[in-house]
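Here's the structure, in structure tokens; my notes come after.
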């Protein structure tokens, strides 16, 4: 098995940076553009990103499954979407850094998982959605190469469950060779076939 190149917290920080960089470049006219995520325009995708970060911080601070689900039923963006997104990214990172142990169990909507698994989920989610935003608004699509390598390592053992969940499309297309760049392989297995 390949050893991680980045510390988990550093990978999360970099994934947040990738998202924030794209969010800060969204123009007023781009909030209603479609994204690679079916049925989500740019604003809805940013809302999902914010909700995921708020949920992550909530769970790390002892939140319940019911409270986590409630986060996704609330419009958290308001009028100050860019700063709201940046604040949610930063708060989740603080919550992970404040954890006494990443072995601590959190009550995620999919079931109880160690905080380290939540860290992987959140890093994968932010990384792929950074690309989704870039594609939607015509921004730079190349992601931090070390981050992509780390996310590939994190995602590999979860690919069957990702495909079964349907949340990432039908899975790998089968059209991307094993020696393709890591970002292309990662996006393909997460349903981003362009």
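The values are calculated or read from the model by the stated rules, or taken from the named source; none is laboratory data. Computed from a predicted structure; not experimentally measured. We place every Cβ from the backbone using ideal geometry, glycine too, and count neighbours over all the protein chains shown.
Condition check: under 18 Å from residue 125 (Cα atoms), buried (at least 20 other Cβ atoms within 10 Å of the Cβ), out of contact with any helix residue (DSSP H, G or I) (no Cβ under 7 Å at 6 or more places or on another chain) and touching a residue at least 24 places away in the same chain (Cβ under 8 Å). Does residue 16 satisfy that?
Judged against the criteria, residue 16 is not a match.
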For the stretch 56-65, state whether one or more residues are in contact (Cβ under 8 Å) with a residue 24 or more places away in the chain, in contact with a helix residue (DSSP H, G or I) (Cβ under 6 Å, 6 or more places away or on another chain) and under 21 Å from residue 188 (Cβ atoms).
no
Take the stretch 35-64 and flag every residue that is within 25 Å of residue 152 (Cβ to Cβ) and in a loop (DSSP other than H, G, I, E, B).
35, 36, 37, 38, 40
Could you list all residues from the stretch 19-34 that are surrounded by fewer than 21 Cβ atoms within 10 Å (Cβ to Cβ) and either touching a residue at least 24 places away in the same chain (Cβ under 8 Å) or in a loop (DSSP other than H, G, I, E, B) (or both)?
20, 21, 24, 25, 26, 27, 30, 31, 32, 33, 34
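Tell me whether the stretch 141-152 contains one or more residues that are in contact with a strand residue (DSSP E or B) (Cβ under 7 Å, 6 or more places away or on another chain) and surrounded by 17 or more Cβ atoms within 10 Å (Cβ to Cβ). Don't jump to the end; show me each part of the working.
Within the stretch 141-152, the subset in contact with a strand residue (DSSP E or B) (Cβ under 7 Å, 6 or more places away or on another chain) is none.
No, the stretch 141-152 has no match at all.
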Please count how many residues of the stretch 85-104 are surrounded by 13 or more Cβ atoms within 10 Å (Cβ to Cβ) and either within 26 Å of residue 185 (Cβ to Cβ) or at pLDDT 95 or above (or both).
11
Residues of the stretch 66-84 that turn out to be in contact (Cβ under 8 Å) with a residue 12 or more places away in the chain, surrounded by fewer than 18 Cβ atoms within 10 Å (Cβ to Cβ) and assigned to a helix (DSSP H, G or I), as a count
2
